[in-house]
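Below is one structure; the comments refer to it alone.
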Amino acid sequence: MRNISDIIEQYLKSILQESPEGTVEIQRNDLAEQFSCVPSQINYVISTRFTLEKGFLVESKRGGGGYIRIQRIELPQHIALQQHLHHTIGSMIDQTVAEGLIYQLEESRFLTKREASLMRAAVSRECLNVKLPYRDELRARIMKAMLISLLGK
């Protein structure tokens, strides 16, 4: 059985997908009421699962008429994608950013679920058992090598 965070995430992704603009505006309290949870649960889902690294831009306006706007950011195509990846990864990349980038590539269908899973395992801190900053440098080199191989099909 999935937990409430997974259900809320799937709901938000489904309405995002149905939106022609790739944007959705929600009222946190209304959504909390719809899922019979506290508004902080909505905040948690949005702050952990709709991050910039995962390909989402979140804008929030607090107050009586407040809203939360979530917008999907599409990855650029072909050469622009390579430049985007080179810029994002750079010479160092921490695990959180690496996982967010892998997630974004998987969601955009540039990577299969299996490829994304293999990449996450290869760049995990458990696998790269060296001290910082060497770990982040090694992770960046591994990410680049894997993405060149996978996306150069």
Does the stretch 19-32 contain at least one residue that is open to solvent by less than 50 Å² (accessible area, probe 1.4 Å), of a type in the set (A, V, I, L, M, F, W, C) and in a helix (DSSP H, G or I)? yes
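Among the listed residues Gln71, Gln34, Gln83, identify the single one that is under 16 Å from the mean Cα position of the chain (by Cα) and farther than 27 Å from Cys127 by Cβ. Explain how you work it out, then say what you get.
Numbers: Gln34 fails: under 16 Å from the mean Cα position of the chain (by Cα); Gln83 fails: under 16 Å from the mean Cα position of the chain (by Cα).
After ruling out the rest, the residue left standing is Gln71.
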From Ser5, Ser14, grab the single residue that is open to solvent by less than 40 Å² (accessible area, probe 1.4 Å), polar (S, T, N, Q), over 14 Å from Val58 (Cβ atoms) and modelled with pLDDT of 90 or more. Ser5
Positions within the stretch 20-37 being β-branched (Val, Ile, Thr), at pLDDT below 90 and in contact with a helix residue (DSSP H, G or I) (Cβ under 7 Å, 6 or more places away or on another chain), in sequence order: none
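Does Arg109 count as part of a loop (DSSP other than H, G, I, E, B) and at positive phi?
Values: part of a loop (DSSP other than H, G, I, E, B): yes; at positive phi: yes.
The answer is yes for Arg109.
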Somewhere in the stretch 22-35, is a residue farther than 19 Å from Ile4 by Cβ and hydrophobic (A, V, I, L, M, F, W, C)? no
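Using the structure shown, decide if Ile79 is of a type in the set (Val, Ile, Thr), modelled with pLDDT of 80 or more and either exposed (fewer than 15 other Cβ atoms within 10 Å of the Cβ) or not in a helix (DSSP H, G or I) (or both). Spell out the reasoning first.
Numbers: of a type in the set (Val, Ile, Thr): yes; modelled with pLDDT of 80 or more: no; either exposed (fewer than 15 other Cβ atoms within 10 Å of the Cβ) or not in a helix (DSSP H, G or I) (or both): yes.
No, not satisfied.
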Number of the exception - Lys54 against (1) assigned to a loop (DSSP other than H, G, I, E, B); (2) exposed (fewer than 13 other Cβ atoms within 10 Å of the Cβ): (2)
The stretch 129-153 - residue that is in contact (Cβ under 8 Å) with a residue 40 or more places away in the chain, surrounded by fewer than 19 Cβ atoms within 10 Å (Cβ to Cβ) and of a type outside the set (A, V, I, L, M, F, W, C) and, of those, nearest to Lys13 (Cα to Cα): Lys144
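Return yes when Ile93 is modelled with pLDDT of 90 or more and surrounded by 13 or more Cβ atoms within 10 Å (Cβ to Cβ) and no when it is not. Don't jump to the end; show me each part of the working.
Values: modelled with pLDDT of 90 or more: yes; surrounded by 13 or more Cβ atoms within 10 Å (Cβ to Cβ): yes.
Criteria met by Ile93.
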What residue, among those in the stretch 104-128 that are modelled with pLDDT of 90 or more and hydroxyl-bearing (Ser, Thr, Tyr), is least open to solvent (accessible area, probe 1.4 Å)? Ser124
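The values are calculated or read from the model by the stated rules, or taken from the named source; none is laboratory data. Values in this document were obtained by computation on a predicted structure and should not be read as measured data. Every residue, glycine as well, gets a Cβ built from its backbone with ideal geometry; the counts of neighbours run over all protein chains shown. All accessible areas refer to the heavy atoms of the entire protein, side chains included, with ligands and DNA or RNA removed. Shrake-Rupley method; radii C 1.70, N 1.55, O 1.52, S 1.80 Å.
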